[in-house]
1. Out of the residues in region 44-67 that are among the charged types (D, E, K, R) and either surrounded by fewer than 18 Cβ atoms within 10 Å (Cβ to Cβ) or more than 18 Å from the chain's Cα centre (by Cα) (or both), state the one that is farthest from T25 (Cα to Cα).
2. For residues in region 204-224 being in contact with a Leu (Cβ under 9 Å, 6 or more places away or on another chain) and more than 16 Å from W59 (Cα to Cα), which is surrounded by the most Cβ atoms within 10 Å (Cβ to Cβ)?
3. Just a yes or no: is a residue in region 86-94 of a type in the set (A, V, I, L, M), within 14 Å of the chain's Cα centre (by Cα), within 22 Å of L173 (Cβ to Cβ) and part of a loop (DSSP other than H, G, I, E, B)?
4. Can you confirm whether P195 is under 21 Å from S111 (Cβ atoms), in contact with a Ser or Thr (Cβ under 6 Å, 6 or more places away or on another chain) and assigned to a loop (DSSP other than H, G, I, E, B)?
5. Does L148 satisfy the condition of being at pLDDT below 90, in contact with a helix residue (DSSP H, G or I) (Cβ under 6 Å, 6 or more places away or on another chain), closer than 16 Å to A189 by Cβ and not in a loop (DSSP other than H, G, I, E, B)?
6. Restricting attention to region 21-32, and to residues there that are out of contact with any Gly (no Cβ under 8 Å at 6 or more places or on another chain) and either modelled with pLDDT under 85 or assigned to a helix (DSSP H, G or I) (or both), which single residue is surrounded by the fewest Cβ atoms within 10 Å (Cβ to Cβ)?
7. Does P195 satisfy the criteria of being closer than 30 Å to D160 by Cα, exposed (fewer than 14 other Cβ atoms within 10 Å of the Cβ) and touching a residue at least 12 places away in the same chain (Cβ under 8 Å)?
8. How many residues does region 32-53 hold that are without any contact (Cβ under 8 Å) to a residue 24 or more places away in the chain and aliphatic (A, V, I, L, M)?
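The values are calculated or read from the model by the stated rules, or taken from the named source; none is laboratory data. Because the structure is predicted, anything quoted here is derived from the model rather than measured. Counting neighbours? That spans all protein chains shown, and the Cβs are built from the backbone with ideal geometry, glycine included.
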Amino acid sequence: MNTLTAPVSTTSPAETPMGSHVPLTASSARLTQWLLGSRHHHHPADRILGQRLLRAAPWVGQAVELNHLYAHQTVSMLRECGIRRFVDLGSGLPSDNPRFPSTAVSAGPDSTVIHVDADPYVIEHGPQLLETPARHRFVHADLRRDMLRVLRDLPLHGLDPGRPTALLFHNVLPWINDDADAHAIVGAALDQAPPGSVLSLTHLTADLRRTGSAAAALCLDTAGLPVSLRTAEQIRDLIEDQPHPWRVRAPGIVPVGLYHPRQCSAPVPIGDSGAYAVIAIHPQPAHR
């Protein structure tokens, strides 16, 4: 997730020695690590916020897990289709829980993955969580200001600008609260990507659990991590209401837990997804 930090007071000055480097605020990347059951890379502020979230909406943990399982299935599917270049936008930290393979693992050892995040903690610690960091690059950038630069600089990180690329917007756009910013970020990605590229997007919504989603959003907002819960129609507009829209792949915009039905061993209640998933494909140029 693209960096945000929350002013959650967790300890008294006596409990946190001067110069200890233990953050007194929560971040979206570390919060996700805690919700995924990670043993490392989260702090008391993240755990306290996570516990508040689960009290407000007990299904949030399931929703975070489903989002990561969707990402794993999608990246594996795109790899099978021949894509070897992945740009993980608002990537957050690679999971160290073996139940939830990271994008880096799913992409395979012969792929190149560019992890983009605005959180300095992600840029510093992310490479430590990868077994084969040589094929991965961590780029410090805020999508609201730097999206075009990130895309134009991809050749500097080893990506051939003419080869198909997977653009991964997995649970990052909810943290972009301004609709115009979100629209511009997606538009820049669609315009800059080469033919044959694919966009995969997941997005939090209140459509599936209106009361619980509002409670979770209020909890995050109170902690200083505001999220935007967009409807299916608003998510579709991010892709299709563009000068050069891409083709939405079947089954369209569906709850995350239903996109790859085989990812779960048991039926998943629709509301537990807490988010939609959609994949869009670059329109190939017409042959003459």
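1. The qualifying residue farthest from T25 (Cα to Cα) is R55.
2. A223
3. Among the residues of region 86-94, at least one is of a type in the set (A, V, I, L, M), within 14 Å of the chain's Cα centre (by Cα), within 22 Å of L173 (Cβ to Cβ) and part of a loop (DSSP other than H, G, I, E, B), which makes the answer yes.
4. Taking the combined requirement at face value, the residue does not satisfy it.
5. Values: at pLDDT below 90: yes; in contact with a helix residue (DSSP H, G or I) (Cβ under 6 Å, 6 or more places away or on another chain): yes; closer than 16 Å to A189 by Cβ: yes; not in a loop (DSSP other than H, G, I, E, B): yes.
Yes; evaluated as a whole, the condition is true for this residue.
6. It comes out as H21.
7. Yes, satisfied.
8. 0
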